[in-house]
Structures are given as C-alpha cells and as structure tokens.
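Quick notes on the structure that follows.
The values are calculated or read from the model by the stated rules, or taken from the named source; none is laboratory data. Being a predicted model, the structure only gives us computed values, none of them experimental. Please note: Cβ atoms are built from the backbone with ideal geometry, for glycine as well, and neighbour counts cover all protein chains shown.
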C-alpha cells in the first residue's frame, strides 16, 4: 500500500526535470498523475514513465499563465482521472543575468510563469480540492527566494520565488478551514536537464557547489519528488504554510566548506 493510494495529483511542468521527478515519486507512492506542460512531444514519454509504474496518467498541454488554459487543464485532468487531490506547482523559468540586461518584458514573463501561474492553479484548483473534502498543494519555490539564498543575476527569479513562498503562507491560512494544506519546497541547485544534467555533473561543473554543501553531493529530481510525496501525504497532516529547504545544508552554513 502506498501513502497516496486512491489520490490524484496534477504536476505542472511535469514533462522533465524536477516535474517529472516529482510525478514519478507520487506514482511510486500510489497516486494517479496528470502531467501538464507546454510540449505534447515532451509529455508523451513522461506519461509513459508514469504508466510504467502501474499508475494512470493524463497528459495535458497548457500554458499556466493563461487563465482559460489553466481552467481547461484542471478540468481535463479531473475529468480523465476522476478528480484532484494534490496540486504541484512546478512550472517555472530561471533566467540569471545582470539587471541592466533584463527588459520589462522579461520581468513580466518571469513573474507570470513563476508566480501568476501558481496563483491561477491554486485559484481554479481550490474548488476541485474542496469537492474532495480537502487536499494538498505543493509549490516549488527555491532557496533563491529565501534570505541568504539570493544570488547575483537573480533580480527577477529571486523575487518571483520569494513571492511564491509568501503565497504559500497566505493560502495555507485561507484554505485551512477546508482541510487543504499548502506547503512549498525550496530546492537548491538540482541536477536537471536545465542545469546541464548528468553530463555536467560528470564533467565537474558542480564541483564548487558540492564543496560548499555539507552533505557533499548534488540534489536530484527524485529528492524533490520524495519531499513532494511527503507533503502530499497524510504523513504531513499537521504541516501547512511552511517551506522545506532542500539544499543539502548549504543555506544552514552560509558558505562553510568542509
């Protein structure tokens, strides 16, 4: 028996990287999973991986910055899998460069994807979770959205994730009377295709990061996935409004190197 048997989860940005890692861990814990992403081509193999674990999977192409598309995405996912119990807001972008190289258009794009998107998913997913008698929302924030975690070049990304962390606290208070818990995961640097993947790890790209990480290793999508599965399950039934920092201890020591 899995902790999430009988549950249905939706993961945005679920076709690759952390999103796929989260989806697979939720499936391993017993959940049926809907994957949402911009690319149908990327969704197909991701859905096949979920189904290979013996779980049902629905793949939905959607832009989380489009309110109509978000409503349709949630409706299709709930219709295909019989409802929704867990929402994971993972879709995001992470451009880093000096502030004078960013444009106002860049600002709106980052905020729209990283903050408006989760807000829309929560807004329109809320009635679906209430209809199930409660549920869980997991927002994928970032260490960059915490004091002490910000980095040069992150003048758009860092505030977007700090806003998502605050949205988590706000909605935890608002949704609690309906037995809907809202939490966040704040990963440090994770080995994903977007950060170069295993090739970059094997080539030593992350050696300096590992040196500054007390646990002396990088994080992987399955690490994020296991934390998400915990927050989605009844094992965390008395936890809401918090953010789990998932960085191997880096922020705890503020640059200390063993």
**Prompt:** Can you name every residue in region 2-14 that is out of contact with any strand residue (DSSP E or B) (no Cβ under 7 Å at 6 or more places or on another chain) and either buried (at least 24 other Cβ atoms within 10 Å of the Cβ) or at positive phi (or both)?
**Reply:** 4, 6
**Prompt:** Taking the condition more than 18 Å from residue 90 (Cβ to Cβ), modelled with pLDDT of 95 or more and outside any helix (DSSP H, G or I), does residue 5 pass?
**Reply:** yes
**Residue within region 133-155 that is part of a helix (DSSP H, G or I) and modelled with pLDDT of 95 or more present** = no
**Request:** Return the only residue of 75, 17, 30 being surrounded by fewer than 24 Cβ atoms within 10 Å (Cβ to Cβ), more than 17 Å from the chain's Cα centre (by Cα) and under 21 Å from residue 224 (Cα atoms).
**Result:** 30
**Request:** Examine region 98-121 for a residue that is in a strand (DSSP E or B) and within 17 Å of the chain's Cα centre (by Cα), and state whether such a residue exists.
**Result:** no
**Prompt:** Has region 80-97 got at least one residue that is modelled with pLDDT of 95 or more, closer than 25 Å to residue 132 by Cα, under 17 Å from the mean Cα position of the chain (by Cα) and part of a helix (DSSP H, G or I)?
**Reply:** no
**Message:** Exactly one condition in (1) part of a helix (DSSP H, G or I); (2) out of contact with any strand residue (DSSP E or B) (no Cβ under 8 Å at 6 or more places or on another chain) is false for residue 171; which is it?
**Reply:** (2)
